[in-house]
Structures are given as structure tokens and as C-alpha cells.
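Structure in C-alpha cells, see below.
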Amino acid sequence: MVESAPLWAVFVLPLALALVASAAATVDVRSTGAGREVLRLLVKQRRIMRAADVPLVRLGTTLLPVAAILAAVVLPFGFRSVSDLPDGIVWFNAMEALAWAAVWLTGWGPNSTLSLVGGYRFLAQGLAYELPHMLAITTAALGAESLRVGAVVDAQAGLWFAVWMPAAFGIYLLSALAMAFWGPFDQPVGADAAGGAAVELSGVDRLLFLGGRWLLLVVAAAFAVPLFLGGGHGPLLPGWAWTALKTGAVLGLLLWLRRRMPTVRMERYVELAWVILTPLAVAQALVVAVVVLGR
Amino acid sequence: MGVVAGLPMAERADDRDGLRLDRLHVPLGPALPDWPAGLVLHLELQGDVVQRAEVEAVPAPSPSGPAFWNEPWLRAMAGDPVTVGEAARRRCAAHLDSLGRLLGVAGWREAATRARVARDRALDGAPGAEFQSLIRPLARRVRRSWTLRWLTAGVGEQAGVQPGGDVHGRLIAWLDGLEQALDHVDDRDRLTAHHPVGPRGRLDTQVPPSQALLDALPGLLEGTEFACARLIVASLDPDLDELAVQHVPGAHGHG
């Protein structure tokens, strides 16, 4: 059973996430560390477009890291999470959908065409990935017969969900990239639109937005562990070590994927998502439902 | 047209789905990441769909020499001694340069970087064997990438150019040209000036090959989504130096 962590965990959580995110960013960039870039952005002056809607931009850029941290509240580290809500999976999904608003506001606010294009792109991306994604996380909840993340972890004491729900696991990994609009799903901030939604951001705004994206990626990758990879369950090592190992492995896989693939355009992915992935996710949910009914 | 904060408002016009949507006038270029330098496209966008595109080439300041990517062939036409290997090397570098830009626009940063490293090595005069070992694995990986094929096949299809007159087809054509030229980089024979073919086409005609690429652009861009439009521009990759260089003495040496 997942227990609630002591109160200080509330303050440690954002720090721990930021540490993992900056470590992942450093591994990904290799040559220049994330630290230098953070310092550079902190001292850089913010510039703003003419007739921009400044409150919207500020709201959008701040919302992104906030959404990532709020989503992480239900994330168990070993067998402890900051709060094991009774409907934690719904909470995670809702917080992750906040990112839609964040990117859209950031794209709309600066009064710039290319950032607007980036904002539009993320809405299209959301429509493409969200449907199979929700079916995939619902499948995990179905397998555990509970929306509580702790219960999902407990249900995998014997067998990981990734083993008997491979389709849902695969779809979750794809949507983890898509929700953090990162790697092959970076079209909303694509280089072809000169940086898309982030094109007009500078200084602290840029740091919050791009840093928030890394946080979101880490949270999305880490959430695959309690959902499909058995959370803290594993032989010999303590629960927290297993969580850390598995999260590292998922993050590593996502970093590798980005090197192997070009950016996926959403008008192509929508077709794949709706014609193949959604029926596949429904079929997977059906299999799991039959198994659950039968036991 | 209304003006807000000194900026013109977007006017509304019919779109392809029978709606009336804001029509934004957006210039692209002359400088953008992974963009043919000097090219300006005046786009009318609705959402991120290109409704109309107009091409304008910013005239290059009086060039100091022949167009860089065509230089070996132009010099051979002017009667200078140029080896086949030198021309092959330049062709490799030109295709790698285009490839780097297209892969960059397609969002495959790692492969784009590899293409650029190989291009620089080719121009540095690295031994043939060395940059062959850089290029062959890259070409194989790009050819075999089914995601790249899935994302570029059918985009920017040119009527009448069959088969493979789309972005992916043009990409494969570069790879073919690249690998053919690769076999000749150490060839010491003299380049003949008959029917010179540069990286972008025949050089002994009145109209430079890039002009045909520019002429094809508006028709291919209309009705495409923004990212596809960027891919189409990158896959044609017109070289605006070719347009300016017509008046350079030496390029006219051959009748």
C-alpha cells in the first residue's frame, strides 16, 4: 500500500523533479550543461512584442511547470507519494491537460504569427494523442480496479502491467513524448517555425516554459513506472531504488528515441492515432476487462 | 483595413472548408533557420494553411565570384583545368548542404548535424575514404527511416514528375546523386565542359536551374500546411546565387 509522505516532501518534490530534469537535459545536450543555459536565461532581459497580451504570456509560461509539479503529487516514489488521492489517475490526466492551456496561451499571447502557429499545433497534437492516451491509462486503472495510483502499484506485485498490456504501455510512452511536446513530438516548438510557441519568449519566461517542458517530460516518463512497470516492486533492492532505476530507464529510452526520429507532423499522426492507436487501445481495454471480470 | 496598435488587422476571407477565417499576411525569409538564403515568400495564411504564396528573390549584392555550388563546372566552362574529383567533391557537399537543411526542417536534428559535419569535411579536402565513411552510414540511415518516408512521401507532389516527384523522392534523388559522386572524389581526370550538370541541374542553358525551382514553388505551396510548406521549400532548395551570377565574366566563356 502506498503511504503518504511526511509534510516536507511537498517542498522536496519540486526540487527533486528539477534535479532529475536538469540531469536529463545535461545528458541530452552532452556538450553544454543545462546549468549554464539556466544562468544565461536568468540574467537575460525579457523582450516583448508590440501589442502582446503580457498577462496571458506570463500565465501560460508559469502554468507549464506548475502543471508538471501538480501532476507529480500523485507520483509514488517507492511506496510513498505526496498524496495518494483516491482518483489519482484522473488528477494526473487533468493536470497534464493544463499543459494544453499553457502552450496555447503562450502561443497566442505574444501577438506573433510563428508562436500562434506553435499554439495551434499543440491543440492539434492534443486532439491526436489524448484519446488513445486516456484509453491507455484507463486500461491500467481497469486492471487494478481502482483509480488510486497506490492500488495500481499494488496490483502489479506479481506481474507488471507492461507484460500483459503491451499495447497500452506502448501508447502511453508515445503520449508521454507528445504531452511534453518533446523529441519526435516537438512540432509545437518546432525549429521550422523558428521555435513555434516559444519563439518570442526570452529570459525568465523562456526558462519557465522550456524548463517546465523538461519537468513535464520527467513526470510523464516517471508515471509510466507506477502505471505499467510495477512501481517500487522488485527483488533485493528497496522500493525507492527500483522506482529510480525504472524511471531512469524510461527516460533513457525517450532520449534515445529523439535521436532516431524526425518530428512527427500532426496531420499525419492524427490519422495513425484515430485509425490504428485508438481501436488498438479499445481492444486492449477489452482484453483487460475480460480478464478482470473472469478472476 | 483596421489598424490596432499600429499593426494592420487580419482580414477575413473564405477558406478551403467554406468558412470565413482571418487571413494573415506573413513574409517568410530572407533569413530563417534552415532557409535558402535570400528567398522571400509572401504568404497568406489561414490558421497555418497557406492560401497563397508569392516568390520574391532578394537580389544578391554584386557577387565576387561564380555561384559557389556551381563553381567547378563554371570554371571548366571558362576553360580552367578542373578535375572530375574536385567537381564530385563539390556536388557531394552541395547535396549534403541541402540534405542538412531538409533534415533540419523535418526536425531530425541529429541526422542534420551529421550531414553538416560530412559537408564540411568534404569541403575541407578530407581524404575520400574518410568522408565516404561519414556519408555511407548516414545515407543508409536516412534511406531506411520509415518515419521519414511516412512523413515526407506525398508532400509537395509535382504533377508529371513520376515516380517520386514528392519531398521524399527529391530527398532520395539527392542521396543517389551523392553516392554516385562519392565514387569519383579521387578521380584526377580533367572535367569536360560539354553539357555541364551542377548540383541543381544543367548549367549551359539561358535560365539557371534554380529559376525553375522558384517557378514551381507557388503552385506547390498553395493549400499546404505550414510545416509541409517548409518541407517543400527545403526539398527544392533553390540556390539564389545562381540567379545573380549570370553577369559574372568567366561564366560566359562557353558559348
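The values are calculated or read from the model by the stated rules, or taken from the named source; none is laboratory data. Nothing here was measured: the structure is a model prediction, and the numbers come from that model. When we count neighbours, we look across all protein chains shown, and the Cβ atoms used for this are built from the backbone with ideal geometry, even at glycine. All accessible areas refer to the heavy atoms of the entire protein, side chains included, with ligands and DNA or RNA removed. Shrake-Rupley method; radii C 1.70, N 1.55, O 1.52, S 1.80 Å.
On alpha carbon coordinates alone, what is the Rg over Rh value for the range B:143-210, Rh being the Kirkwood radius? Don't skip to the answer; put the middle values down first.
Numbers: Rg = 15.2 Å, Rh = 14.3 Å.
Ratio of gyration radius to Kirkwood radius: 1.06.
Let me ask something else. Please list, in order along the range B:176-185, the HN-Hα scalar couplings obtained from phi with the Karplus expression 6.51 cos²θ - 1.76 cosθ + 1.60 (θ = phi - 60°), rounded to whole Hz, x for Gly and Pro.
Taking θ as phi minus 60°, the curve returns 4, x, 4, 6, 5, 5, 4, 6, 10, 5 Hz for the range B:176-185.
Over the range A:136-295, consider all pairs of different Cα atoms and compute the Kirkwood hydrodynamic radius from their mean reciprocal separation; express it in Å, one decimal.
On the way: mean 1/r = 0.0587 Å⁻¹.
Roughly 17.0 Å, rounded to one decimal.
Let me ask something else. State the three equivalent ellipsoid semi-axes of the range B:1-130, derived from the C-alpha gyration tensor as the square roots of 5 times its eigenvalues, in descending order and whole Å.
41, 19, 12
In addition: Give the Debye-formula value of log10 I(q)/I(0) at each listed q (0.10, 0.17 Å⁻¹), with one equal scatterer per alpha carbon of chain A, two decimals each.
One equal scatterer on each Cα of chain A leads to -0.52, -1.43.
If each DSSP helix of 4+ residues adds -39,500 (n - 2.57) and the sum is divided by the residues in the protein assembly as shown, what number results at 222 nm, nearest 500 deg cm²/dmol? Working shown, then result.
Numbers: 21 runs with 311 residues, N = 550.
Counting only the DSSP helices, I get -18500 deg cm²/dmol.
What are the residues whose amide H is under 5 Å from the amide H of B:GLU11, where those residues sit 5 or more places off or on another chain and H is modelled from the backbone?
For B:GLU11, the qualifying residues are B:ARG23.
So, for the range A:1-72, what is the accessible surface per residue at a probe of 1.4 Å, expressed in square angstrom? Can you show the working numbers first?
On the way: 4650 Å² over 72 residues.
Computed with neighbouring chains in place, this is 65 Å² per residue.
Expressed as an acute angle from 0 to 90° and rounded to the nearest 10, what is the orientation of the C-alpha long axis of helix A:113-144 relative to the principal long axis of chain A?
10 degrees
To continue, here is another question. Once label points are set 7 Å from the Cα along Cα→Cβ at both A:LEU15 and A:VAL290, what is their separation, rounded to one decimal in nm?
5.1 nm
Based on alpha-carbon positions alone, could you give the equivalent ellipsoid semi-axes of the range B:58-115 from the gyration tensor, as √(5λ), descending, whole Å? Intermediate values should be presented prior to the final figure.
Details: eigenvalues 148, 56, 7 Å².
Here the semi-axes work out to 27, 17, 6 Å.
May I pose another question? Compute the acute angle (0 to 90°) between the alpha-carbon long axis of helix A:88-108 and the principal axis of greatest extent of the alpha-carbon atoms of chain A; round to the nearest 10°.
Helix A:88-108 sits roughly 10 degrees off the main axis of chain A.
Once Rh for the protein assembly as shown is found with the Kirkwood sum over Cα pairs, what is the Stokes-Einstein diffusion coefficient at 4 °C and 1.567 mPa s, in µm²/s? Don't skip to the end; give the middle numbers.
Details: Rh = 25.8 Å.
For the chosen part, D equals 50 µm²/s.
Can I ask one more? Once you keep just the Cα pairs under 8 angstrom separated by 6 or more residues, what percentage relative contact order results for the range B:1-124? Before the final figure, lay out the partial values.
Details: 149 pairs, mean separation 16.9, N = 124.
For the range B:1-124, the relative contact order is 14 percent.
Scan around B:THR83 for amide H atoms under 5 Å from its own, H built in the peptide plane at 1.01 Å from N, and keep only partners 5 or more places away or cross-chain.
Amide H to amide H, under 5 Å and 5 or more residues apart or across chains, B:THR83 pairs with B:LEU191.
Averaging sequence separations of C-alpha pairs under 8 Å and six or more residues apart, then dividing by the length of the range A:135-239, give the relative contact order as a whole percent. Don't jump to the answer; show the numbers that get you there.
Details: 104 pairs, mean separation 36.9, N = 105.
Reported relative contact order: 35 percent.
Follow-up. Long-range amide H contacts for A:THR263: which residues qualify at under 5 Å (H placed 1.01 Å from N, peptide plane, sequence gap of 5 or more or a different chain)?
HN-HN under 5 Å from A:THR263: B:GLY107, B:TRP108.
Let me ask something additional. Summarise the accessible area of chain A (1.4 Å probe, protein heavy atoms) by the percent that is carbon and sulfur. Please list the in-between numbers first.
Values: 8880 of 12250 Å².
Carbon-and-sulfur percentage of accessible area, whole number: 73.
Starting from one equal scatterer on each C-alpha and no solvent at all, send me the Debye-based log10 I(q)/I(0) for chain B at q = 0.10, 0.16 Å⁻¹, two decimals.
Cα-only, vacuum Debye calculation for chain B: -0.54, -1.23.
Please find the FRET efficiency linking B:LEU7 to A:ALA97, where r is the Cβ-Cβ separation and R0 is fixed at 35 Å, and quote it to the nearest 0.05. Working shown, then result.
Values: r = 32 Å, r/R0 = 0.92.
Calculated transfer efficiency: 0.60.
On a 0 to 90° scale, report how tilted helix A:166-179 is relative to the longest principal axis of chain A, with both axes built from alpha carbons and the result rounded to the nearest 10.
Computed tilt is about 20 degrees.
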